[in-house]
Amino acid sequence: MTTDTIPGALALACRAVTPAAPRDAVAGVMPSWVAYPASLEEASAVMRAAADHGLAVVPRGSGTKLSWGEPPRQCDVVIDMLRMDRVLEHAAGDLVARVQAGVTVAQLAGVLGGAGQQLALDVPPAGAARNGSPTIGGVLATGIAGPRRLRYGTPRDLVIGVTAIRADGVITRSGGKVVKNVAGYDLGKLFAGSYGTLGLIAEAVFRLHPLPAATAFVTDDVYGAAAVAQAVAAAAASELAPAAVEIDRPARGGPVRVGVLLEGDPGGVEERAGQMRGTLGAGSVATRSEPPWWGGAPGGTGGGPGGTLIRIAFWAAALGGVLEAIDAAAGAAGLDPALAGSAAAGVLHLSVRPGAAPGAVAAFLDGLREALAREKAGAADGEGPPRRGSAVVLHAPADVRELIDLWGPVPGLDLMRAVKDQFDPGHLMSPGRFAGGI
Amino acid sequence: MIETLIPRMVDICGPSGVISDPLELRTYECDGLTSHRAAPALAVLPQTAEQVAAVVQACAAAKVPFVARGSGTGLSGGALPRTDGVLIVMSKMRRIIDIDPVSQRAIVEPGVTNLAVSTAARPFGYFYAPDPSSQIVCSVGGNVAENSGGAHCLKNGFTVHHVMGLQIVTPAGELTWLGDGTGASAGYDLLGAFTGSEGTLGIVTKIVVKLSRIPQAVTTLLAAFPTTGAGGTAVSAIIGAGIVPAAIEMMDALAIEAAEAAVHCRYPAGAGAVLIVELDGPEADVRRDSAAVRALCQEAGGGEIREAADPEERAVIWAGRKSAFAAVGRITAAYIVQDGVVPRTALPRVLDRIAALSAAAGIRVANVFHAGDGNLHPLVLYDDSSPRECRAAEELSGAILDLCIEHGGSITGEHGVGMDKSKYMPKMFGADDLETMQLLRCAFDPAGLCNPGKVFPTPRLCGEVPGVHRGVHPLVAAGQAEQF
């Protein structure tokens, strides 16, 4: 098939199909066509037509994270979801919203904010995004969350219903429109963070939260891994109900900024901010507005596709050891990655600047993974999960990608493959983008 | 047939860990839903994860179905044994392996009771947030299977939000981990999909749970209202004001009357409804929210409003609510408890409809419910010696679930589908939806031996090719259309 003739099946399935242009490449792989479905039915018809012709499909929202994951093994049709951009329902009294996948985070925040409500996810800045705000579908598919994951969790914790289109075009729903619901399997959890490899997320229902009446940030500069770990642990263990405990370190050897977010009633927040200053120490300051580094990519790097962005997860008690291990691995590899993230939740992002030697990045990653594999101290040694952490490369330049496994060891991979085979037996949904070549 | 498995099971679990005597097996013939009964062909009581794996391997090799059971408090027949199968009783696996307060994690075995986790974490200043009413007895493994909730899940979320890792035995008998305890492990969120799968995807052998900080302050308010409608207005006003209480519970007049008779909880006499609102968190915020809640209750027509000054008074307020099911049991020969959910804003309409249905059927309904999240627990009272009443109660129960679905809700908020509600699943989900859910089942349990017959009204043979392209479309066959 050539790129300038759109097969009749695709054209009949969707009114807007175009030949792909270079800017439609997915992690360097050129698709042949881009389909722009405007409705659930049209999206389903595209998927069915693609399946009938053995065409591999990659869903796309705003494209802010299209460089994440491995390049697809095959990519014939990009399904652009931006025309499915309606907030279908905002039941303010029920704190629930039902949206199409192409709604952007900014657009939804505008609608919900009018009613004093929010989808409580801090989506990291778009970085080198072409199109600005990420879509809800993209956020769900990549499972990303920012500082307030400590209090509100990640997309999988807030999604209460999903309408997805299977690889064979079948429209399928799970969950519902009520927060409390245990009827049937919760496939929203499965689709969250699945990188478009199980089906096309078309609509989602979320539980909402009220916007806090007031917020305060208590921050301090701390030196040394042990002191950082102690400050973070003290903030997390306080009775002051922090919504986030973040750290940010632009460069090795420099101070680590520790920041605590408090949310709630204005009077209560002010009182608690004072108490939190007592917890963090005399040098700490309380502000109403968020510090410039808050929730951003490490070291303000923007997390653009030129560099390498790594997400590490660990049990929070290991923070001090993990910070030391990062420095040891980076020192050995001759790198100076910036780091930032939700320290109390045990999730950090590391950013290696563009142009770093691919071999050094690979060595750094190996060092990190070895150190994380050792983190299983305590009474439960041998009885808990065999690994208590992971280092996943979210994106890396092609020359780095060639040397590394983006995902590292993943527990339960055999079951994940079995799930993939059931949902997408032809392996036509974003093939090869996910862990273990899924 | 199953007798041939006994020697192998004795090898694995020891002689005292295998029960084959029919009389003894009757102990296990039902869970908390006593209307469904079936004695297992064999029961085993493993003590380690490796034993569970070996038991499942033996069942898989012999193609014998198996069902896991925790404390047997489930209310949907999820742990109902198979008469042709093995019941795997998890209650001997009750070690609390580790409490890690800095990581806010605990590692426990599945037979540990829900409350025991909080008790073990308390010295460190932490608790385990999901709190089903049966928490003194129910097991954490059972909670994982059912994705259990409880009165405080309005603010704190359900079991799925507090489980960070699971060691499971797959239906093929392999030990594996889902999630690494971090809450951000790589790959598909099988941990999330497994939680709440009602024992149909495997058996949990270890659980990493998240621990939550014990709040600085807790206050519990009891407000009396003339009607459930007025109480519902107060609930909407509280939520509308941006307050997220830890719990908002409501009881109607009949439930109050029963509770009063049973536990003397001293609820205001003659109230048409009482609301229990619990607020927790930092002291300053709780103080302010509590004043706001009082004002909102008064505006909504609340009469007497009490505030528990200490843990003892709090316990008295909760005693009425927590004993409600048992208390209602004392004023009726039998009752059915339903677990439907409606959007919170639909509560007043749905309660009116339930009252109308109840009057028309001549069957009393007592309402006890988690008002904050719209999770109803209507108790349908009937005389089980009257065939007419049995039928009418069953019909009324079904009609209440229909109402929930009609209002965009769910047939179950926390009790699970189990054996009891699988017949209602096609009312809530389409055939394609159910078929897609079963894809997950087929990935985990292609042989269909792991708690079969639960959740789904009809089993799916995993060899079938999914999708709509089975055979030739009739129009194509008739030459009236073309597929491409």
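The values are calculated or read from the model by the stated rules, or taken from the named source; none is laboratory data. Everything numeric here is computed off the predicted structure, so don't read it as measured data. Glycine gets a Cβ as well: all are built from the backbone with ideal geometry, and neighbour counts include every protein chain shown.
Looking only at region A:290-300, decide whether some residue is surrounded by 18 or more Cβ atoms within 10 Å (Cβ to Cβ), part of a strand (DSSP E or B) and aromatic (Phe, Trp, Tyr).
No, every residue in region A:290-300 fails to be surrounded by 18 or more Cβ atoms within 10 Å (Cβ to Cβ), part of a strand (DSSP E or B) and aromatic (Phe, Trp, Tyr).
Output the number of the condition that B:Asp280 fails; it satisfies all remaining conditions of (1) buried (at least 24 other Cβ atoms within 10 Å of the Cβ); (2) of a type outside the set (Val, Ile, Thr); (3) at pLDDT 95 or above.
The one condition B:Asp280 does not meet is (1).
Filter region B:177-198 down to the residues that are of a type in the set (Val, Ile, Thr) and in contact (Cβ under 8 Å) with a residue 24 or more places away in the chain and list them by number.
Going through region B:177-198, the residues of a type in the set (Val, Ile, Thr) turn out to be B:182, B:195.
Within region B:177-198, just B:Thr195 meets the criteria.
From A:Ala92, A:Ala38, A:Ala25, A:Ala21, grab the single residue that is among the small types (Gly, Ala, Ser), surrounded by fewer than 19 Cβ atoms within 10 Å (Cβ to Cβ) and closer than 30 Å to B:Ala241 by Cβ. I'd like the intermediate steps shown before the answer.
On the way: A:Ala38 fails: closer than 30 Å to B:Ala241 by Cβ; A:Ala25 fails: closer than 30 Å to B:Ala241 by Cβ; A:Ala21 fails: closer than 30 Å to B:Ala241 by Cβ.
The conditions single out A:Ala92.
For region A:90-198, list the helices (runs of 4 or more DSSP H) that sit wholly inside it and hold at least 2 residues that are within 21 Å of B:Tyr188 (Cβ to Cβ) and more than 9 Å from chain B (Cβ to nearest Cβ); which are they?
On the way: elements: A:105-113, A:136-142, A:149-152, A:155-158, A:187-191.
So the answer is A:136-142, A:155-158.
Look at region A:412-430 and say how many of its residues are more than 19 Å from the chain's Cα centre (by Cα) and in a loop (DSSP other than H, G, I, E, B).
6
Count, please, the residues in region A:381-418 that happen to be under 20 Å from A:His349 (Cβ atoms), without any contact (Cβ under 8 Å) to a residue 60 or more places away in the chain and either more than 10 Å from chain B (Cβ to nearest Cβ) or among the hydroxyl-bearing types (Ser, Thr, Tyr) (or both). Let's see the steps before the verdict.
Step one: of region A:381-418, the residues under 20 Å from A:His349 (Cβ atoms) are A:387-397, A:400-401, A:404-410.
Of the ones still in play, those that are also without any contact (Cβ under 8 Å) to a residue 60 or more places away in the chain are A:387, A:404-405, A:407-410.
So of that shortlist, the ones also either more than 10 Å from chain B (Cβ to nearest Cβ) or among the hydroxyl-bearing types (Ser, Thr, Tyr) (or both) come out as A:404-405.
Here the count works out to 2.
Where residues in region B:68-117 are in contact with an Asp or Glu (Cβ under 8 Å, 6 or more places away or on another chain) and hydroxyl-bearing (Ser, Thr, Tyr), which of them is farthest from B:Ser139 (Cα to Cα)?
B:Ser76
I'd like to check something: does region A:116-128 contain any residue that is polar (S, T, N, Q) and surrounded by fewer than 24 Cβ atoms within 10 Å (Cβ to Cβ)?
Taking region A:116-128 and keeping what is polar (S, T, N, Q), we get A:117-118.
Still in the list and also surrounded by fewer than 24 Cβ atoms within 10 Å (Cβ to Cβ): A:117-118.
Yes, some residue in region A:116-128 is polar (S, T, N, Q) and surrounded by fewer than 24 Cβ atoms within 10 Å (Cβ to Cβ).
Restricting to region B:96-120, name every residue that is small (Gly, Ala, Ser) and within 26 Å of B:Glu249 (Cα to Cα). Walk me through it before giving the result.
We begin by selecting, within region B:96-120, every residue small (Gly, Ala, Ser); these are B:103, B:106, B:111, B:116, B:118, B:120.
Once the filter is applied, which keeps residues that are small (Gly, Ala, Ser) and within 26 Å of B:Glu249 (Cα to Cα), region B:96-120 yields B:Ala116, B:Ser118.
Is it the case that B:Gly150 is closer than 24 Å to A:Leu150 by Cβ, in contact (Cβ under 8 Å) with a residue 24 or more places away in the chain, in a loop (DSSP other than H, G, I, E, B) and within 7 Å of chain A (Cβ to nearest Cβ)? Before you say what the answer is, go through the steps one by one.
On the way: closer than 24 Å to A:Leu150 by Cβ: yes; in contact (Cβ under 8 Å) with a residue 24 or more places away in the chain: yes; in a loop (DSSP other than H, G, I, E, B): yes; within 7 Å of chain A (Cβ to nearest Cβ): no.
It is false that B:Gly150 is closer than 24 Å to A:Leu150 by Cβ, in contact (Cβ under 8 Å) with a residue 24 or more places away in the chain, in a loop (DSSP other than H, G, I, E, B) and within 7 Å of chain A (Cβ to nearest Cβ).
Given the criterion surrounded by fewer than 22 Cβ atoms within 10 Å (Cβ to Cβ), within 15 Å of A:Gly389 (Cβ to Cβ) and out of contact with any Pro (no Cβ under 9 Å at 6 or more places or on another chain), identify the matching residue among A:Gly331, A:Gly320, A:Gly283, A:Gly346. Break it down into steps so the answer makes sense when it comes.
On the way: A:Gly331 fails: within 15 Å of A:Gly389 (Cβ to Cβ); A:Gly283 fails: within 15 Å of A:Gly389 (Cβ to Cβ); A:Gly346 fails: surrounded by fewer than 22 Cβ atoms within 10 Å (Cβ to Cβ).
Checking each option against the conditions leaves just A:Gly320.
Look through B:Asp285, B:Asp252 and report the one residue that is crowded, with 23+ Cβ neighbours inside 10 Å, within 12 Å of another protein chain (Cβ to nearest Cβ) and touching a strand residue (DSSP E or B) at 6+ places or on another chain (Cβ under 6 Å).
Numbers: B:Asp252 fails: within 12 Å of another protein chain (Cβ to nearest Cβ).
Step by step, each of B:Asp285, B:Asp252 is checked, and only B:Asp285 is crowded, with 23+ Cβ neighbours inside 10 Å, within 12 Å of another protein chain (Cβ to nearest Cβ) and touching a strand residue (DSSP E or B) at 6+ places or on another chain (Cβ under 6 Å).
Which count do you get for residues in region B:238-291 that are assigned to a strand (DSSP E or B) and in contact (Cβ under 8 Å) with a residue 60 or more places away in the chain?
11
For the structure I just gave you, tell me whether B:Ala399 is at pLDDT 95 or above and either crowded, with 20+ Cβ neighbours inside 10 Å or under 30 Å from B:Met437 (Cα atoms) (or both). Spell out the reasoning first.
Numbers: at pLDDT 95 or above: yes; either crowded, with 20+ Cβ neighbours inside 10 Å or under 30 Å from B:Met437 (Cα atoms) (or both): yes.
When the stated conditions are applied, B:Ala399 passes them.
Out of the residues in region B:349-387 that are without any contact (Cβ under 8 Å) to a residue 40 or more places away in the chain and assigned to a helix (DSSP H, G or I), which is nearest to B:Gly232 (Cα to Cα)?
Pass one, region B:349-387, residues without any contact (Cβ under 8 Å) to a residue 40 or more places away in the chain: B:355-356, B:358-363, B:374, B:376, B:386-387.
Of the ones still in play, those that are also assigned to a helix (DSSP H, G or I) are B:355-356, B:358-361, B:387.
Details: B:Ala355: 15, B:Ala356: 17, B:Ser358: 19, B:Ala359: 21, B:Ala360: 23, B:Ala361: 25, B:Pro387: 35 Å.
Only one residue tops the list, namely B:Ala355.
If you take the residues in region A:56-106 that are under 17 Å from A:Thr18 (Cβ atoms) and among the acidic types (Asp, Glu), which one is nearest to the chain's Cα centre (by Cα)?
Ranking the qualifying residues of region A:56-106, first place goes to A:Asp80.
Taking region B:311-338 on its own, how many of its residues are surrounded by 18 or more Cβ atoms within 10 Å (Cβ to Cβ) and without any contact (Cβ under 8 Å) to a residue 12 or more places away in the chain?
The qualifying residues number 0.
Is one or more of the residues making up region A:167-183 over 19 Å from A:Asp94 (Cβ atoms), among the hydroxyl-bearing types (Ser, Thr, Tyr) and without any contact (Cβ under 8 Å) to a residue 12 or more places away in the chain?
No.
Pairs needed: first member in region A:241-269, over 29 Å from A:Gly331 (Cα atoms); second member anywhere, modelled with pLDDT under 90; C-beta distance under 7 Å; at least 6 residues apart or different chains.
A:Gly267/B:Ala284; A:Gly268/B:Ala284
Name the residues in region A:329-362 that are among the small types (Gly, Ala, Ser) and within 14 Å of another protein chain (Cβ to nearest Cβ), would you? Even if it seems obvious, please write down each step before you answer.
Looking only at region A:329-362, we keep the residues that are among the small types (Gly, Ala, Ser), and these are A:329-334, A:338, A:340-346, A:351, A:355-357, A:359-360, A:362.
Once the filter is applied, which keeps residues that are among the small types (Gly, Ala, Ser) and within 14 Å of another protein chain (Cβ to nearest Cβ), region A:329-362 yields A:Gly341, A:Ser342, A:Ala343, A:Ala344, A:Ala345, A:Gly346.
Which residue, of A:Leu208, A:Leu187, is surrounded by fewer than 24 Cβ atoms within 10 Å (Cβ to Cβ), within 22 Å of the chain's Cα centre (by Cα) and under 29 Å from B:Ala151 (Cα atoms)? Quick ask: steps written out before the conclusion?
Numbers: A:Leu187 fails: surrounded by fewer than 24 Cβ atoms within 10 Å (Cβ to Cβ).
Selected residue: A:Leu208, the only one of A:Leu208, A:Leu187 that is surrounded by fewer than 24 Cβ atoms within 10 Å (Cβ to Cβ), within 22 Å of the chain's Cα centre (by Cα) and under 29 Å from B:Ala151 (Cα atoms).
Restricting attention to region B:166-220, report how many residues are part of a strand (DSSP E or B), at the interface with another protein chain (Cβ under 8 Å from one of its Cβ atoms) and farther than 16 Å from B:Pro101 by Cα.
To start, the set of residues in region B:166-220 that are part of a strand (DSSP E or B) comprises B:166-169, B:175-178, B:203-210, B:212-213, B:217-220.
Applying the additional criterion that residues be at the interface with another protein chain (Cβ under 8 Å from one of its Cβ atoms) yields B:167, B:176-178, B:206, B:208, B:213.
Right, trim to farther than 16 Å from B:Pro101 by Cα and you get B:167, B:176-178, B:206.
Number of matching residues: 5.
Quick one: which residue in A:Pro354, A:Pro386 is farther than 30 Å from B:Gln167 by Cβ, surrounded by fewer than 17 Cβ atoms within 10 Å (Cβ to Cβ) and at pLDDT below 95? Before you say what the answer is, go through the steps one by one.
Numbers: A:Pro386 fails: farther than 30 Å from B:Gln167 by Cβ.
Answer to the check: A:Pro354.
Give the residue, chosen from A:Gly264, A:Gly259, A:Gly302, A:Gly268, that is away from chain B (no Cβ under 11 Å) and at pLDDT below 95. If you could, list the steps in order and put the result at the bottom.
Values: A:Gly264 fails: away from chain B (no Cβ under 11 Å); A:Gly259 fails: at pLDDT below 95; A:Gly268 fails: away from chain B (no Cβ under 11 Å).
The conditions single out A:Gly302.
Does B:Gln104 satisfy the criteria of being closer than 25 Å to B:Gly448 by Cβ, in contact (Cβ under 8 Å) with a residue 24 or more places away in the chain and touching a Lys or Arg at 6+ places or on another chain (Cβ under 7 Å)?
On the way: closer than 25 Å to B:Gly448 by Cβ: no; in contact (Cβ under 8 Å) with a residue 24 or more places away in the chain: yes; touching a Lys or Arg at 6+ places or on another chain (Cβ under 7 Å): yes.
Taking the combined requirement at face value, the residue does not satisfy it.
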